[in-house]
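Student: Input: one structure, supplied below.
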Amino acid sequence: MAVDEEISLARRLWAKFRKEYSVFALYSPFFVRLASSTLHSPTTFRHFISQDLHFLKAFALAYELAEDCADDDDDKNGIRDLRKCVIRRLQTHDTFVQECGFEPADEGASNDIAMNKYTDFLLATASGKIEGERSAPGKIATPFEKTKVAAYTLAALAPCIRLYAFISTEIQGFLNSDDYESHIYRTWIDTYSSQILEETALQNEDMLDRLSICLTSEELEIIENLYHQAMKLLVDNVVNQPISDQQSVVPLSRMYEFDECHLTILCDFDLACTAFDSAAILAEIAIITAPKADIDGSDQTQLARMSSADLRSTWDVLSTQYTEEFEQSVESILASNKVEEFDYEGLCNALEQLAAFERKANERVVESGVLKGLNVEDIKRAGQSLIQDGCRSFFQKIVKNENLKADVHVLSYCWCNDLIVSAFSSGDLNVLNVHSNELVYEESVTTGEIVKKMESPTEKLQAFNDILIDRKSEGKHLTVYIGGSVGDLLCLLEADIGIVIGSSSSLRRLGDHFGVSFVPLFSGLVKRQRELAEDCSSNWKPMSGILYTVSSWAEIQAFILGT
């Protein structure tokens, strides 16, 4: 019986490491080329599918060793069934290769370093050579200790089956019916996205769950480490697939050779780099610190503050009013006739309505006094935990890459520059340039006033253009803008590459109303790879009316930098 997916160890491990690793496999030059049907060198794809033979042999031996270790008859039978599946695939491998249009590969030993690292790791695990395990290799004798090795082996096997099922299904989902019907690698896509492979993946994961039920927290940590290591080795194998013909559109840093071409990355802050809106964070600081201010008598100064209860009540009113008026403004824009083609000028004119609304909303915040009396140190402490890990990791790799001529700018409606600077400085990212509004201080305490520098899409676009003035005189340059709110629309469209992160329905609805196309990034890269193969050109151009959507920072990193 399958373990409930809500508590399944295997499914939790896949969910955890899928975000970190699977996207790098999907966005690898090999799979972008495979999806676009532009692997024109026969040796490239033949090499890839010939690896299956070596994987399957290693799988069969690993399952055999795991079956010997299992103590329970049901477990033995379950592992034996998995091994039988592998044996059947081994028996039909030559047929599969021929269906793909190739002659069967030599069955001798492989000299593929990346693949061998994974198969060696798998067989070492199945033999009981496990880092972190207390028992000495070759001396695991008790039934329970042997059962642990069976669980460890299944943990090292599970990511491979699941990863290839995921990639093939993703590719299948991005292809339209015409592309799919004529795809030269359709046999591989069909096989690895099939229900049969999905059932095998689930069977392997269910068996891992069964064997892990009685393990201690320390042993479960070993399971997680093995799963993690297996996933990393598998992705390394994909990324290192040799490609002998033509140029690839990924990673961007390799295609554009940024030692010669300058890369400028511009990014929004709220809900793009963070999981929370900065306005709500500042309001919470005010509310939490208000009682202390009341007690120590600061209410006798010119920076008199409301009580915590009054602050929360006032903020709730401001927040509700903002949301309602914003939605009304958007609906007012959408009431006009939808355009048939991309209309940048019409979008600019429409967004002016939002500019007036944003200015009025900020003025209400100042007049309310909710931002009075905040200590700059409290603001900086709050900022240190705001940045999402994927965002932090991406920018750290950008600024530490000595071969990359790049600069990074953050453009935000946030009321407090110090909050953003603190958020990035906590990750050794103090080299980022921050452009936002600022709170006014008397000594180290806020007065409640805001120095308003950026309150509208037009003002954000002006800051964007000011940044790029110098870059345009330096020769080759490329701009990438990353944002997820309505205020980012103009900058997203003006950049060479506009990437939408997050799930703002208002941004999508307004963009769609004025003819903006939202294309999943991977799908867009597949199309560009085809264009590159056809005419050796794949230049990114601003004002195309096309924006690319992603669900994570890992996609952005995979696209721009690779692994």
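Student: Enumerate the helices (runs of 4 or more DSSP H) found wholly within region 496-563, keeping only those where 3 or more residues are over 27 Å from F17 (Cα atoms) and touching a helix residue (DSSP H, G or I) at 6+ places or on another chain (Cβ under 8 Å).
Tutor: Answer list for region 496-563: 505-513.
Student: So which residues in region 14-29 are in contact (Cβ under 8 Å) with a residue 24 or more places away in the chain and not basic (K, R)?
Tutor: W14, F17, E20, Y21, S22, V23, F24, A25, L26, Y27, S28, P29
Student: When you scan region 476-491, how many residues do you find that are in a strand (DSSP E or B) and buried (at least 24 other Cβ atoms within 10 Å of the Cβ)?
Tutor: Number of matching residues: 3.
Student: Pick from T446, T458: which is within 25 Å of V421 (Cβ to Cβ) and open to solvent by less than 10 Å² (accessible area, probe 1.4 Å)?
Tutor: T446
Student: Can you name every residue in region 166-218 that is closer than 22 Å to K148 by Cβ and of a type in the set (V, I, T)?
Tutor: Residues satisfying the conditions are I213, T216.
Student: So, one more: Of the residues I184, I265, I285, only one is assigned to a loop (DSSP other than H, G, I, E, B) and of a type in the set (A, V, I, L, M, F, W, C); which?
Tutor: I184
Student: May I ask you to verify whether K372 is over 23 Å from the mean Cα position of the chain (by Cα), crowded, with 20+ Cβ neighbours inside 10 Å and not β-branched (V, I, T)?
Tutor: yes
Student: If I go through region 505-548 residue by residue, how many of them are more than 21 Å from E345 (Cβ to Cβ) and touching a residue at least 24 places away in the same chain (Cβ under 8 Å)?
Tutor: First, the residues of region 505-548 that are more than 21 Å from E345 (Cβ to Cβ): 505, 519-540, 548.
Now narrow it down to the ones that are touching a residue at least 24 places away in the same chain (Cβ under 8 Å): 519-530, 532-533, 536, 538, 540, 548.
Count: 18.
Student: Would you say L233 is under 19 Å from Q51 (Cα atoms), open to solvent by 10 Å² or more (accessible area, probe 1.4 Å) and out of contact with any Cys (no Cβ under 8 Å at 6 or more places or on another chain)?
Tutor: So L233 fits the description; yes.
Student: Return the pair list, or none, for Cβ contacts closer than 8 Å from residues in region 41-61 that are over 16 Å from Q98 (Cα atoms) and modelled with pLDDT of 90 or more to residues that are not in a helix (DSSP H, G or I) and not acidic (D, E), at least 6 apart or on different chains.
Tutor: H54/S110
The values are calculated or read from the model by the stated rules, or taken from the named source; none is laboratory data. Just so we're clear, the structure is a prediction, and the values are computed from it rather than from any experiment. So basically every Cβ, Gly included, is an ideal-geometry build from the backbone, and we count neighbours across all protein chains shown. Note: areas computed on protein heavy atoms with side chains; ligands, DNA, RNA excluded. Shrake-Rupley method; radii C 1.70, N 1.55, O 1.52, S 1.80 Å.
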